[in-house]
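The values are calculated or read from the model by the stated rules, or taken from the named source; none is laboratory data. From a predicted model like this one, the values you see are computed outputs, not experimental measurements. Reconstructed Cβ throughout: ideal geometry from the backbone, glycine too, with neighbour counts over all protein chains shown. Heavy atoms of the whole protein, side chains included, go into the accessibility calculation; ligands, DNA and RNA do not. Shrake-Rupley method; radii C 1.70, N 1.55, O 1.52, S 1.80 Å.
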Amino acid sequence: EDLCIAYDMERLAFETGASGAWDAPTDAADLASALACGSSLLYGELLPQGFSEAMAHLGVGELSGGTLLELGSGTGKLALQAFLEHAPTGALQSVLGVEVAPSRHRVGATALRRLAHRQSRLRVVEAGPHRTAVELIDAGEEDRPQLWLINGDLLADMPRDVVEDADVVLLQVCLPPGAYGSVFKLLSMLRPGARVLSLLNLVEVWEVSHNVGPRCPVEYEGGAIGTAQRHLPTSWNTHGHGFFLFAALGDARLFVELVPHRPPPAAAEDGAVHRQLCEGILDGAALPRALLPPSDFAAGNLRRGVAVEVACAHCLRSALSVFGGEGADAGAPLHVDLESIDWLPAWVVASPRGAGAPADVLHEDGTVEAAVAQERLRRPGPQSENQFGAHQDWGPAE
């Protein structure tokens, strides 16, 4: 109920992620800044039920005066939920959320001020353009639990003492590969046994990355991937998406210092900006257009939450290597035989921004493919199965 008041939303929409309740604003300046750093502002969050389950898995309720740190806090919903559920019991003394996008931070800051205005047990202790904080008044006169939402670089602007004090770290973000080294250095500062909830499998990322330290600073909770993975309801998959639980080794000697993430801007020779997407996000724009006939459905049907089938990118690349190689007529249009294409079940997570514009889709394995051409999308067949289900009916063409 307090979350609904803070974000001025209906309870059903808030709990189920319906009607865009978990969308986040992104202005042009935020998007340009993210793309220049090789990052992505694709957005989604754990639903309230999923987050409560995550807190139980992380043992937050068993803490006493603990500290929770969220790197990439978005609009602040999870940080606020953690504070409201666990600060009054004494489990959490401090909750800190850091978000790089100013437009999303402003939503969270507004929500804190709105709730504090409506709830006498909360008081605003700071309300600046980049930092907003509230404290729990009914917890006594001294050492009152506090929640801070900060707009800044989650790697470069994070004080070392804050990281060292953290009992729980939430890392529910897609990270550009250039940030891996800084993230692992930050995680190495955690005390031994601190818990980490991550969207990415950090152990696998460390194993396939280079120059990110001599040893992974976290290990699977329970010692194996089977005991560390949890499927939790999210705004993009209410049936549950895979997250990973880790325990910090607490060996800061692995890294000498925290190097801020400052990747140089990448530009092609022709002046075009190079697309470098986050781990787990494929670039649908890398495939040429017009390989398939135009889609036979209206673009208006590609609403967020609609189940679709996507023409397999690997099949299309294979066709290019066969038909578009040496000896091919460079001026002739290339069309791929539909019978040679595998169609994969997926789910629309970002609708096209206009007629003929691409869409972002989520594949069954949890991989997001951005900027998928409409010609690669079709309705699911009558006998096809999609683990996400048809979240919305196709309905009449728009």
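Tabulated values for the structure
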item: Flag for HIS261 being touching a Pro at 6+ places or on another chain (Cβ under 9 Å), part of a loop (DSSP other than H, G, I, E, B) and either of a type in the set (Val, Ile, Thr) or modelled with pLDDT under 70 (or both); result: yes
item: Segment 127-142: number of residues that are outside any loop (DSSP other than H, G, I, E, B) and at pLDDT below 90; result: 4
item: Segment 342-367 - residue that is surrounded by fewer than 18 Cβ atoms within 10 Å (Cβ to Cβ) and of a type in the set (D, E, K, R) and, of those, nearest to ASN201 (Cα to Cα); result: ASP365
item: Every residue from segment 105-153 that is touching a helix residue (DSSP H, G or I) at 6+ places or on another chain (Cβ under 9 Å), open to solvent by 20 Å² or more (accessible area, probe 1.4 Å) and among the hydrophobic types (A, V, I, L, M, F, W, C); result: VAL107, VAL124, ALA127, TRP148, ILE150
item: Answer from ALA290, ALA319, ALA299, ALA332 - the residue that is over 28 Å from the mean Cα position of the chain (by Cα), crowded, with 16+ Cβ neighbours inside 10 Å and modelled with pLDDT under 80; result: ALA319
item: Residue match in segment 204-217 (condition: under 18 Å from LEU71 (Cβ atoms), modelled with pLDDT of 90 or more and either among the aliphatic types (A, V, I, L, M) or open to solvent by 30 Å² or more (accessible area, probe 1.4 Å) (or both)); result: no
item: Filtered residues of segment 205-219 (kept if of a type outside the set (A, V, I, L, M, F, W, C) and in a loop (DSSP other than H, G, I, E, B)); result: SER209, HIS210, ASN211, GLY213, PRO214, ARG215, PRO217
item: Yes/no for LEU175 being surrounded by 16 or more Cβ atoms within 10 Å (Cβ to Cβ) and in contact with a helix residue (DSSP H, G or I) (Cβ under 7 Å, 6 or more places away or on another chain); result: yes
item: Unmet criterion (only one of (1) more than 18 Å from the chain's Cα centre (by Cα); (2) in contact (Cβ under 8 Å) with a residue 60 or more places away in the chain) for VAL169; result: (1)
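One line per residue, one yes/no per condition, for (1) within 24 Å of SER52 (Cβ to Cβ); (2) assigned to a strand (DSSP E or B); (3) of a type in the set (A, V, I, L, M, F, W, C); (4) in contact (Cβ under 8 Å) with a residue 40 or more places away in the chain:
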{"site": "ARG144", "(1), (2), (3), (4)": "yes, no, no, no"}
{"site": "ALA179", "(1), (2), (3), (4)": "no, no, yes, yes"}
{"site": "LEU186", "(1), (2), (3), (4)": "no, no, yes, yes"}
{"site": "PRO192", "(1), (2), (3), (4)": "no, no, no, yes"}
{"site": "VAL203", "(1), (2), (3), (4)": "no, no, yes, yes"}
